[in-house]
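I have placed the structure first, in the form of structure tokens, so that the comments after it can refer back to it.
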Amino acid sequence: MSDWERSSTARVIAPARPRKLAKVPFVELADGRLQGVVSSGSDIERVYVSSVGARTYAFACSTNNNRPCGGARGSFCNHIRALINEAVLQYGAERVARYLRVESADGEPSGQTLAAAMSATRPPQGDTKAAAPVFSRFLRHLAYLELAPTTAPLPEMQWFPPTRAVA
């Protein structure tokens, strides 16, 4: 049996580089999109849910109340650019480029070059249907921060049945 199989926890991939969570507190590569929550630059109580689809680079940006972003009219807004930059910090530029299927012209991709390559294709504006589930996952992650540290199992984290049979 390998070390991984004997381990009781799954391996977590460390961030490519440390990042500050004030501007982009939540970023993920999921559901065929780069998606996350971005803080508003003008209002401390407002956040935007932004996403960029893989292959098509269809983008969407709206507030958590489903109001459209004023900057995402025909091209990537500053929230989406910030999301791309933070994804590069979290996952690394190569992984983000591979997930979104971005062909970078120069050797080492960066957040700026990835955003420029995707913008050059004139991507369509996508729908904001994914905003609610993304924001809900963000709130769930925040709820785990409020729990007291413990080594006891959390019931909602028990995805797999026990290996021992109860007699």
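Read the figures in this text as sums done on the coordinates, not as results from a lab. This is a predicted model, so every value here is computed, not measured. Positions of Cβ are backbone-derived with ideal geometry, glycine not excepted, and every protein chain shown enters the neighbour counts.
Observations on the structure shown:
- Here segment 71-107 is scanned for amide nitrogen atoms under 15 Å from the site 7 Å beyond the Cα of Asp43 along Cα-to-Cβ, giving 71.
- Antiparallel beta bridges, as assigned by DSSP with both residues in segment 26-132, represent about 95 percent of the total such bridges.
- Taking all Cα pairs closer than 8 Å and separated by 6 or more residues, the relative contact order of segment 26-132 comes to 28 percent.
- Gain on full extension, evaluated as 0.36 nm per residue between Tyr99 and Leu145 minus their Cα-Cα distance, stands at 13.8 nm.
- Each of Asn65 and Leu154 was given a label point 7 Å from its Cα along the Cα-to-Cβ line. The distance between the two points is 2.9 nm.
- Working note: Karplus 6.51/-1.76/1.60 with θ = phi - 60° gives segment 72-85 the couplings 8, 10, x, 7, 5, 8, 5, 5, 5, 5, 5, 4, 5, 4 Hz, where Gly and Pro are set to x.
- Spin-label pair Glu108-Ala30: with each label point 7 Å from Cα along the Cα-Cβ axis, the two points sit 3.1 nm from one another.
- Inter-label distance for Asn78 and Ala120, nm, one decimal - labels placed 7 Å from Cα along Cα-to-Cβ: 2.6
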